[in-house]
Amino acid sequence: SAMPLASNAQSYEGSRVLAGLSTAAGLSLDKMNFIAAQLATLLIGFALRRVRCGSNLLRWVHIGAGAWLLWFCFGLQSVHMMVQASVAYCLMYCLPVSDSCLPAWLSVAWCLAYLSANHVYRLYNDYGGYTMDITGPLMILTQKLSSLALALHDGHLAKRGRLRGSESRWCHRVDELPSVLDYLAYSYYLPTLMAGPHVFYSDFIAHFTAHTDSNEDKQYLNRAVLRALACTGLYSFLVLGLGPMLPYYWVVSDTFAQLSLPRRILYVSGAFFLVRCKYYFAWSLAEAACLAHGFGFSGTDPSTGKPRYDLAKSFFFKDVEFGTSIRAVVAGWNVSTARWLRELVYERSPGRHATLLTFALSALWHGFYPGYYCFFVTFAVFTFTARRVRKLVRPHFQTSQSASLAYDCLTGLCANLAQNYAQGVFFLLEMGYALRFWSAMYFAGHILCAMLLLCLPSQPGGASDLMCFAQKYIVPYSCCLVAWLPTYLAQRYREYFPAAVVEARPDGKKRR
């Protein structure tokens, strides 16, 4: 039978003050410390909103409290945050901002290289484990510092009137290098320190310098905090109550492979949904912390006139679990990271390679487990396939409301199945487990995508890739084969029946 993926709890370097409480709660110590740190962040946020203090003091509170919580959760590993941030700041300070994007990309390269080195150390120290370490906060810090480096470049281009790109790049540009105090406060910003969401520097500094709470704002914020905490409680109940009943690692067992295909699909859907609930729990708790600090306002809802706090969100549950397309699923999952990837890579890459490069950077950012790369390559293929199918098939279902609804239901089901099929290897991490899981599902997702990409044309009314291949290679070579076949048959006939071959001699007589 399959066993849970390995975990090296001895490698955990955080505080052991809550060891007894973690044992009583049935949680590992690293997760208990994480929850305690996030709850402390929540309480600090309420306190800072109630007790007004100067902007500089507020920055020092975030730096000091953030450094202490990192030490509480990760011990000496927390030094890595300061090392990465310090070197990145030196690069931004020493390398002059110019029309060339090379200085900015050198800072990005440093952040990714340092994060990758920590990912490699994690592979060596805790292969296959889920023990929390400093790589989580480093992933968030890498997003912040890399986006700041490119925002400084965009700010330089904007001053010269040469900035081209989306409106979000224009809004997130930074005109000058932040002071050391602002930079450290941004790096150690409490509510986003442990689990995100990613915050662009322009949004962070706007919140610090211009944020004021009216009584109405406080009411909306407090309600939003309560909603986020209620969702956190629901997800914790699902994870702790139902998670042990549907262990996700069972999908690589021999017993799972012996189930009928419908039962396998149902089990995969339930088990991987519960794994996603672990992410929902962490992100909802982080959202509550952001809202407690008064951060997250993204504008007013035009339909209701009420404020929206989307900057504090990391996911949209409805889109991920009930999205009607793969695009909706991708857009609803880890939305702050999606914004970072879009501005960092997608909008700066050649059109035909943008999607693949975006998935490649996302895989590198996550680490070096084979399961990550299997997932992102597979999901990139799913995305290409879904675009082609949508372009060719969807117009035929827009003739009536019922047909459109049927199309949405069908594509929603396919998107959920595709998500579970691809995301399973992301959770399993290891290549052996990935292949065992996909073999139990008959590699159906890959085979179906290959057939659709080959058989469907890339444009409406055009020829499919298979037909183009046939016209380019099969038909010409078939004609050559047909032309050469009589000669070949004649040669073979002479070899096997020499007595039947009559040839003319030079003297005009015939010989056999």
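The values are calculated or read from the model by the stated rules, or taken from the named source; none is laboratory data. Owing to the predicted nature of the structure, the values given are computational and were not obtained by experimental measurement. Positions of Cβ are backbone-derived with ideal geometry, glycine not excepted, and every protein chain shown enters the neighbour counts.
The table that follows gives values for the structure above.
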| read-out | value |
| --- | --- |
| Which listed residue, of L226, L184, is closer than 30 Å to R59 by Cα and not assigned by TED's automatic domain parsing to the domain that holds R59 | L226 |
| Pair list, Cβ under 8 Å, 6 or more apart: the range 105-121 residue under 20 Å from S349 (Cβ atoms), other residue aliphatic (A, V, I, L, M) and not in a helix (DSSP H, G or I) | L106/L95; S107/L95 |
| Residue among F376, F426, F368, F437 that alone is modelled with pLDDT of 90 or more, surrounded by fewer than 19 Cβ atoms within 10 Å (Cβ to Cβ) and closer than 25 Å to D126 by Cβ | F368 |
| Top-ranked residue of the range 336-365 - restricted to ones that are small (G, A, S) and not in a loop (DSSP other than H, G, I, E, B), ranked as surrounded by the fewest Cβ atoms within 10 Å (Cβ to Cβ) | G351 |
| Subset of the range 280-310 (residues that are assigned to a helix (DSSP H, G or I), crowded, with 17+ Cβ neighbours inside 10 Å, out of contact with any helix residue (DSSP H, G or I) (no Cβ under 6 Å at 6 or more places or on another chain) and not small (G, A, S)) | W283 |
| Residue list for the range 357-402, filter: over 13 Å from V425 (Cβ atoms), small (G, A, S) and out of contact with any Leu (no Cβ under 9 Å at 6 or more places or on another chain) | A360, A386, S400, S402 |
| Yes/no for S147 being over 25 Å from L57 (Cα atoms), among the hydroxyl-bearing types (S, T, Y), assigned to a helix (DSSP H, G or I) and touching a residue at least 60 places away in the same chain (Cβ under 8 Å) | yes |
| Total residues in the range 182-212, condition among the polar types (S, T, N, Q) and buried (at least 24 other Cβ atoms within 10 Å of the Cβ) | 2 |
